[in-house]
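Working notes, beginning with the structure itself.
Derivation of every value follows stated rules applied to the coordinates shown; laboratory data play no part. What you see is a predicted model; the values in this text were computed from it and never measured. All Cβ positions, glycine included, derive from the backbone under ideal geometry; neighbour counts span all protein chains shown.
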Amino acid sequence: MSKPDTLDLLRQLDPTAGDDPAKAVGDDARTQLLGGITASPAGAQTRRPRVAARRLVPVLAAAAVIAAVAVTVVRLPGDSRQEALGPALSFTTEGKFLKVRVVDPEADSARFNKEFKEHGLDIKLKLIPSSPSIVGQHTAAGFGPDSENIETTVYPAGCDNPPSYPCVPEFTIPVDYKGHAELYIGRAAKPGERLVQSGRIDGRGEPLQGVTYVGQTVATVLKILEEGGYTAEYRVKVGNDHQSRDTVPPGWVVLDGSLVTTKHAVLFVSPKR
Amino acid sequence: MSDSPPDRLVRFENLFTCHHDPVLRYVVRRLDIREDAADLVAETFLIAWRRLDDVPEKQALPWLYGVARRVLANHRRGEQRRHGLADKLREDLRAMPTVSEPSFELQYAAEAFQQLSDADRELLSLAAWEGLDTAQLAAALGCSRGTAAVRLHRARRRLERLIDHSTSGHATAFATRGDQA
């Protein structure tokens with residue numbers, strides 16, 4: 001009796017077997033991605049700040065659009081409003097590092113970027129529509145030569161959200177840092193807006209805040225969501241992938257969840273606990 | 001090696017065109033939510049663009065897998081957070097795949113596979129799903145060819161032991177498969 005080859009068995013478990021994701025990707029998506037990447041600073045060719053800074057703008061279309069929206073919101077005559085709000089960032093030097101803390105998570109990209117520039121840093125903060133619990137928190141995406149030298153943490157150190165609040169991003173940057181970087185920070189989403197990132201569904205301000213929902217039935221969790229004006233769709237794990245379902249039996253249990261728009265959630269469910 | 005900007009652009013476009021799909025598949029295979037792959041593919045190729053001079057000409061794809069592996073690890077450490085990249089790619093990937101339930105006998109292999117260490121699982125996945133040979137595995141994992149061969153052999157043995165263990169009461173199914181193989 002011979003045993004099947006283990007690699008043959010594994011090949012049959014390939015999550016993309018029979019459903020190649022590459023077939024779903026159109027030319028537009030490829031062109032946008034390729035164009036965005038090649039418009040970004042490229043390693044050795046990034047020592048000309050004026051050119052590079054301009055080329056940073058179309059790096060990533062989505063991020064650029066998000067930043068543009070934020071800038072539009074505050075395009076008011078004069079800067080009096082910004083000054084009245086005080087600084088959006090705090091800068092302190094600790095040895096060889098500069099600690100930059102986001103003191104006003106509600107600030108817009110223009111304020112962040114202006115303050116970075118005033119400190120001689122070519123760093124852009126991008127605002128990403130996020131679910132409530134991670135508004136103001138960082139997502140630590142930085143693209144540029146040496147940008148991996150920027151460490152992103154939270155302040156107060158080790159805080160989480162919840163329980164401690166405010167819990168804001170803190171960037172540790174070498175004092176001699178000369179490169180470019182793009183850092184991402186969560187912003188409040190507009191009503192109905194598709195979220196780009198989501199925190200835990202039971203986090204502060206989220207639809208199931210304070211609810212012990214893991215292991216509860218779909219019926220129970222859906223009732224709570226509906227009372228808050230939320231709708232839901234479902235994901236069911238099949239093999240190594242998830243299937244999308246509009247409805248599932250009410251007796252199934254909820255394992256996880258997150259918001260995908262300001263009023264619509266995805267629940268990860270299972271027929272059994 | 002450092003190209004002039006136009007040469008650099010051509011090199012990268014070739015790299016992107018040839019390897020976008022394999023890198024996308026690599027990432028999708030290791031994610032629960034398919035559309036998340038958009039951000040990770042974008043990040044992988046951004047790194048490749050930035051470090052184009054480091055990309056080995058003969059082992060470009062395994063090198064990209066190595067980058068994607070680190071990008072994926074960062075993504076997991078970030079607890080499934082997402083950031084705004086590659087909108088159209090995300091949209092294209094949003095359609096959920098049609099996934100069939102694994103057969104009874106394959107579920108044992110799937111369960112055994114999940115019990116392996118992350119390192120073993122990655123090694124076996126690279127061999128079985130991405131089809132890498134030991135030289136390519138070495139390039140993807142940043143180790144010598146000999147080390148890659150030994151690690152692959154050991155990972156296969158560990159998986160076989162787990163499968164044997166999990167199917168000890170269900171030998172018939174595997175015996176039937178094995179006889180056909």
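Quick look at the values:
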| read-out | value |
| --- | --- |
| Label point distance in nm, residue B:70-residue A:8, each placed 7 Å from Cα along Cα→Cβ | 3.8 nm |
| Label-to-label distance, nm, for residues given as residue B:119 and residue A:94 (7 Å Cα→Cβ offset) | 3.2 nm |
| Two-site FRET efficiency, residue A:188 against residue A:17, from Cβ-Cβ distance with R₀ of 51 Å, rounded to 0.05 | 0.80 |
| FRET efficiency, 1/(1 + (r/R0)^6) with R0 30 Å, evaluated for residue A:103 and residue A:238 via beta carbons | 0.05 |
| Residues residue A:226 and residue A:31, FRET efficiency given R0 of 30 Å [Cβ-Cβ distance, rounded to 0.05] | 0.15 |
| Averaged over B:43-54, number of beta-carbon atoms from partner chains that fall within 10 Å | 5 |
| Shielding by partners, peptide B:128-135 (average Cβ within 10 angstrom, other chains) | 3 |
| Neighbourhood charge, 14 Å Cβ-Cβ cut-off, centred on residue B:63 and excluding it, Lys, Arg +1 and Asp, Glu -1 | +2 |
| Averaged over A:254-262, number of beta-carbon atoms from partner chains that fall within 10 Å | 1 |
